[in-house]
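Below: one structure, written as structure tokens.
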Amino acid sequence: MAPASDAAQPSWVFFRDRGGLAKPGPAREAALAEASRRITPRAAARRAKAAHERNRLASRRVAARAEPVLLPDDQDLPPDPTYVAAVSARGGVIRTRSRWLNAVSVDASSEALERIGALPFVAGIRPVACESRDEAAATEAEFNAGPSYLQIDMLHVPEVHAMGLHGEGILVCVLDSGFELDHESLRQLEVRGVRDFVNGDNDPSYDPRTDLPTQSVHGTAVLSTIGGYAPGKLIGPAYRADYLLGMTERVGSERPVEEDFWCAGVEWAEAEGADLLTSSLTYHAWYRWRDLDGGTAVSTRAANLALSNGLLIVNAIGNEGQREGSIGAPADAPGAISVGAVNGIGNLAGFSSVGPTYDRRVKPDVVAPGVAVLTAVGRTRDAYARVNGTSFSTPLVAGCVALIMERHPDWGPEMVRDALTMSASRAERPDTRFGWGVVNAREAVLYPLIEGVVTDFHTREPLEGATVRWEPAGSVDSLDAAASDSPPRGSVETDSAGAYVIPSLPRGSFRITISKTGYFDADAGPYDVPPNLGDANVALRYREK
């Protein structure tokens, strides 16, 4: 249905089919060849890994068939050029083209949209969802470069950094309002690609000819939250990851955030081979709660397609407050990790949106610090500010996801999501306010694990150097194990505090045996994993002479 106004408005035009590109012939072959050139080898490898994960999970179901990995496929074909030309000829000014949605977004008057809607190959028309930037109402306060330790310590990130994990080898895409890389905390950042989807160029930084002075402030703050590195001032969870930076928002315009630019950014990131994408933009104004069912909103559909290709999206749930169903798109996507905000003592922030989705699924998935988060100030060299919003809890969680991916390069997005949620603080009692709880990066990278402390039975002193052996106590799903997982049997030794960790076990039941010279052996278990366990403590009795 066309909008009532005669002024040109951004709208989606969806096509019924792929037209001439669906038929064998030179046009289809040329389009597939172009798609092959566009999809990087890294993206192809990530898609194959995701398909392998789906096939492994499907193998548990009766009569399930393996999904073939075809690159490229029809999803990678552009909308038929003759369809696009016909839309243009009827008054639609093309804004973006979406391969995944088989659609174009256009600026068109209501009369032009009526003409376009009459075309036999047009399946439907809907307005492009618009929304203001997703930030909390609280005022940002200047902060004189104080430490950012608390915001990452609450997520147990320093413990993961101590393991030697900082995001190395992971390609992260950040979609936001623009970025300034001359801030001291961002000068070390490895940027692999940039794109400005608003102006159609490759410069997402502030442009005085077209932008307001605040254009890049929000995006710079978000980027510094995940990837900043200024020792003694600001350290992000994934400061050694590689980055793709996409500008999808025009600050201060009449249509500040539009989901067609966001969808274009997601498709670009996927083709470039990004492993994950973090976005602090949500769409509330156009969509109603009934649309947030995990498959109706256009941005949600794009997020679902991204996941099917192995690209995991971490998205803010929004800052609409704790009213039931205040979630925004695409945070309702089943596969997306939607993030709420808590304060420094773990209470839900008053501005943080809550679930459930319209089809009654739990959202958010997890929460993280989103109050007084330390960030870099854009268009400055060394200034910092404390800011509020799910815009900033989201990149903190995305940084934790990058650490999980680095630890488990053979895991697909479903296993990464499971590790993040099932190791969080409320995994045993998820709800529509906190989701599965506050993220614990340490337990997520080790998930699923058995850990505990070995002590002397009489003195209660920790025993260093005790050997902890594990073996199956029942069935173990070896087919479900990834190469980076621990084997079904093995051994570790306790440290100076008597502590041990058996990380990333395959699904199954395990028994442990603890031994140390001068002590009787002790058995414990069986323990079922997942979930992870933190209380497999054992006391050894001294063997008297």
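Bear in mind that the values in this text are calculations on the coordinates, not laboratory data. The structure presented is a predicted model; accordingly, all values stated were derived computationally and were not measured. Here Cβ is always computed from backbone atoms with ideal geometry, including for glycine, and neighbour counts include all displayed protein chains.
Remark: the Arg187-Asp73 segment gains 37.2 nm on full extension, using 0.36 nm per residue and subtracting the alpha carbon distance. Net charge dipole, the stretch 9-128: roughly 660 debye, given to the nearest 20, about the Cα centre with Cβ charges of +1 for Lys and Arg and -1 for Asp and Glu.
With K and R counted +1 and D and E -1, the other residues having a Cβ less than 12 Å from that of Arg240 yield a net charge of -4. Ordering 332-338, 274-280, 76-82 by mean Cβ neighbour count within 10 Å, with the highest value first, yields 274-280, 332-338, 76-82. Of all the C-alpha pairs in the stretch 9-128, what % are more than 26 Å from each other? Across the stretch 9-128, Cα pairs with separations above 26 Å total 37 percent. Looking at the stretch 335-399, the trypsin sites (Lys or Arg not before Pro) that sit in a DSSP loop and have at most 13 other Cβ atoms within 10 Å of their own Cβ are Arg360, Arg381.
Give me the distance in nm between label points sitting 7 Å out from Cα along the Cα-to-Cβ direction at Glu168 and Ala497, one decimal. About 2.4 nm separates the two model spin labels. Start at zero, step by 10 Å, and the Cα-Cα distances of the stretch 363-495 spread as 10, 28, 29, 21, 10, 2, 0 percent across the bins.
Loop-resident trypsin sites (Lys or Arg not before Pro) (DSSP state other than H, G, I, E or B) in the stretch 413-454 with no more than 13 further Cβ atoms inside 10 Å of their Cβ are absent. Relative to the current alpha-carbon distance between Arg429 and Arg469, full extension at 0.36 nm per residue lengthens the span by 11.3 nm. Other residues within the sphere of radius under 13 Å centred on the Cβ of Ala103, judged by their own Cβ, net out at +2 (K and R +1, D and E -1). Normalised by 2.2 N^0.38 Å, where N is the number of residues, the alpha-carbon radius of gyration of the stretch 141-445 equals 0.89. Look at the dipole of the chain built from charges on Cβ: of Ile313, Leu212, Val439, the Cα furthest out on the positive end belongs to Ile313. Counting neighbouring beta carbons within 10 Å and listing from fewest to most, the residues Val367, Val198 come out as Val198, Val367. Which of the following values of semi-axes √(5λ) of the Cα gyration tensor in Å was calculated from the structure shown: [x] 47, 34, 19; [y] 45, 28, 20; [z] 69, 31, 23? The calculated read-out lines up with [y].
The protection proxy used here, the mean number of other Cβ atoms lying within 10 Å of each residue, ranks peptides 105-115, 260-270, 520-530 as follows, highest first: 260-270, 105-115, 520-530. Each Cα pair under 8 Å and six or more residues apart adds its sequence gap; the mean of these over the residue count of the stretch 9-128 is a relative contact order of 43 percent. Here the simple spin-label model places points 7 Å from the Cα toward Cβ, and for Ala285 and Arg38 these points are separated by 2.9 nm. Over the chain, dividing the summed -39,500 (n - 2.57) contributions of all DSSP H runs of at least 4 residues by the number of residues returns a 222 nm mean residue ellipticity of -7000 deg cm²/dmol. If only the Cβ of Lys and Arg carry +1 and only the Cβ of Asp and Glu carry -1, the dipole of the chain around its Cα centre is close to 980 debye.
Round to the nearest 0.05 the FRET efficiency obtained for His458 and Ser509 when R0 = 30 Å and r is the Cβ-Cβ distance. After rounding to 0.05, the efficiency reads 0.45. Assuming charge only on the beta carbon of Lys and Arg (+1) and of Asp and Glu (-1), the dipole of the stretch 141-445 about its Cα centre is about 760 debye to the nearest 20.
With a cut-off of 12 Å between beta carbons, the residues surrounding Ala444 carry a summed charge of -1, where Lys and Arg count +1 and Asp and Glu -1.
Each residue of the stretch 438-455 was assigned a 3J(HN,Hα) from its phi angle through the Karplus expression (A = 6.51, B = -1.76, C = 1.60, θ = phi - 60°), giving 6, 5, 10, 4, 4, 5, 5, 6, 9, 5, x, 10, 10, 9, x, 10, 9, 10 Hz with x at Gly and Pro. Counting only aspartates and glutamates at least 8 places from Lys233 when in the same chain, those with an alpha carbon closer than 13 Å to its own are Glu184, Asp382.
Among the GluC sites (Glu not before Pro) found in the stretch 372-472, those both in a DSSP coil and sparsely packed, with 12 or fewer other Cβ atoms within 10 Å of their Cβ, are Glu428.
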